[in-house]
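Here's the structure we're looking at; comments come further down.
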Amino acid sequence: MLHRLHEWGHREVDRAAGELTELLVRTAVADGGRKVSVHLADQGRQALIVALSHQPVREAADDAVLPELTRLGAVSCGTDTAEDGRRVWAVLDL
């Protein structure tokens, strides 16, 4: 993920992007699935980082992680639950 940001010319956000990605992945892994996917997009000097658990969960999305994502530098973040698993995302200014 950091490699892709570097290719896009964004080296100044390594620490925040790494910490946000780690927390997003840990949150998705906590659902107990066998795989997690991480998606990255950039637009308008912001990066969107999304982790998907691929593990069907029945309970509503837990938003307890959101204050921690904000503390790590996310300017916007969220979580939701769908048929394909829990999505947790953060937007980071570049």
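The values are calculated or read from the model by the stated rules, or taken from the named source; none is laboratory data. If you're wondering where the values come from, they're calculated on a predicted model, not measured in any experiment. Neighbour counts are summed over all protein chains in view; Cβ atoms, including those assigned to glycine, are modelled from backbone coordinates with ideal geometry. Accessible surface is based on the protein model in full, side chains and every heavy atom, while ligands, DNA and RNA are left aside. Shrake-Rupley method; radii C 1.70, N 1.55, O 1.52, S 1.80 Å.
Laid out as a table, the results:
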read-out	value
Under the Karplus curve 6.51 cos²θ - 1.76 cosθ + 1.60, θ = phi - 60°, whole-Hz ³J(HN,Hα) for region 45-54, x wherever Gly or Pro sits	6, 9, 10, 9, 10, 10, 10, 10, 7, 6
Residue among 74, 51, 41 with the largest mean-square fluctuation in a Gaussian network model of the chain, springs linking Cα atoms under 10 Å	41
Residue 48-residue 76 pseudo-label distance in nm [points 7 Å out on the Cα-to-Cβ vector]	0.8
Extended-chain gain in nm, criterion 0.36 nm per residue less alpha-carbon gap, residue 29 and residue 84	18.4 nm
Residue-by-residue Karplus 3J(HN,Hα) for region 2-12, coefficients 6.51, -1.76, 1.60, Hz, glycine and proline x	4, 4, 5, 4, 5, 4, 7, x, 10, 9, 6
Helix 14-29 vs. the chain, principal-axis angle (Cα, 0 to 90°, nearest 10)	10
Given 14 as the ceiling on other Cβ atoms within 10 Å, longest exposed-site-free region of the chain for trypsin sites (Lys or Arg not before Pro) in DSSP loops	59-94
Accessible area of the chain divided out per residue, in Å², using a probe of 1.4 angstrom	60
Amide H contacts of residue 42 (H built 1.01 Å from N, under 5 Å, at least 5 apart or other chain)	48
Extended-chain gain in nm, criterion 0.36 nm per residue less alpha-carbon gap, residue 37 and residue 8	8.4 nm
